[in-house]
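Visitor: Following this message is one structure expressed as structure tokens.
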């Protein structure tokens with residue numbers, strides 16, 4: 001099969017370099033392309049004549065290419081090349097070995113769930129409230145190239161104590177943080193933040209400081225009087241018009257993993 005690997009050269013991984021990953025991919029017969037400044041991975045993926053679509057990047061780079069893979073009914077490959085690589089970790093990949101992950105282009109197929117925030121696809125989660133505000137502030141400071149952007153963003157967040165003013169499925173919910181997750185996250189130490197499954201077929205909604213703190217369903221609707229909410233979708237800043245419908249699409253994404261990762 002003809003594989004295409006798009007590489008985000010601005011992802012958080014420092015070693016190996018984007019050029020080294022591209023070279024390793026070419027040696028395996030994979031068409032590897034470094035994304036240029038301002039180039040959209042989804043546009044490149046849609047225009048490509050490939051049988052497998054892959055992306056080397058962090059969590060925020062994955063969903064646009066996964067969306068195209070869904071549209072074209074093609075297998076999807078994740079090559080961990082970011083700072084945290086939560087999706088790759090939960091998929092069972094070695095997050096410190098992007099070159100090893102290239103073996104997925106000749107690997108085995110798994111079917112996994114994807115989440116939707118209205119039409120927007122997410123692989124990990126959507127955060128509303130405190131964490132989303134942090135992501136938005138940090139991105140604004142980064143664009144302005146201001147020093148200590150992360151620290152300034154945290155200061156703004158921790159001093160903002162107002163609840164979101166939202167309803168969840170029509171019920172008022174006074175909370176400062178909501179996380180809608182594609183499958184269940186472990187909330188216990190030392191594995192907090194990990195998912196054991198990616199094919200459960202359920203969303204898990206976590207709300208801080210309210211009861212119940214966790215809700216499980218195939219669909220949630222979150223509304224807000226202000227008509228919009230700052231969000232972090234797989235760690236990337238966005239603004240969602242409300243009401244926003246969250247839903248799960250069970251086992252629709254064809255993901256390839258290396259033979260050794262099969263479980």
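FYI, it's all coordinate maths here, none of it is from the lab. As the structure is a computational prediction, the values presented were derived from the model and not from experiment. Backbone-built Cβ (ideal geometry, glycine too); neighbour counts: all protein chains shown.
Visitor: Please give, to one decimal in nm, the separation of the simple spin-label points placed at residue 197 and residue 49, each 7 Å out from Cα toward the Cβ.
Guide: Here the modelled spin labels are 4.2 nm apart.
Visitor: May I ask for the angle, rounded to the nearest 10°, between helix 18-27 and the longest principal axis of the chain, with both axes built from Cα atoms and the value confined to 0 to 90°?
Guide: The angle comes out at about 40 degrees.
Visitor: Considering only DSSP beta bridges where both residues belong to the chain, give the percentage that are antiparallel (nearest 5). Before the final figure, lay out the partial values.
Guide: On the way: 45 of 60 bridges.
Looking only at bridges with both residues in the chain, the antiparallel portion is about 75 percent.
Visitor: Okay, next question. Relative contact order, percent, of the chain when contacts are C-alpha pairs under 8 Å separated by at least 6 residues? Before the final figure, lay out each step's value.
Guide: On the way: 569 pairs, mean separation 57.3, N = 263.
Averaging sequence separation for qualifying contacts and normalising by length gives 22 percent for the chain.
Visitor: Right, here's the next one. Taking one equal scatterer on every alpha-carbon of region 199-241, how large is log10 of I(q)/I(0) by Debye at q = 0.21, 0.22, 0.31 1/Å?
Guide: Taken in order of the listed q values, log10 I(q)/I(0) reads -0.95, -1.01, -1.07.
Visitor: For the chain, take the longest principal axis of its alpha carbons; what is the angle in degrees between that and the long axis of helix 149-158, to the nearest 10 within 0 to 90?
Guide: Taking the Cα atoms of the chain, the angle to 149-158 is about 30 degrees.
Visitor: Enter the Cα centre distance for the pair region 211-242 and region 80-94, rounded to the nearest angstrom.
Guide: Spelled out, the Cα-based centre of one part sits 24 Å from the other.
Visitor: Per-residue ellipticity at 222 nm for the chain, helices alone: DSSP H runs ≥ 4 residues times -39500 (n - 2.57), over residue total, nearest 500 deg cm²/dmol?
Guide: Details: 7 runs with 66 residues, N = 263.
Computed mean residue ellipticity for the chain: -7000 deg cm²/dmol.
Visitor: Still on this structure, please answer the following. What label, among [x] 36; [y] 18; [z] 26, belongs to percent of Cα pairs over 31 Å apart computed from the structure on display?
Guide: [z]
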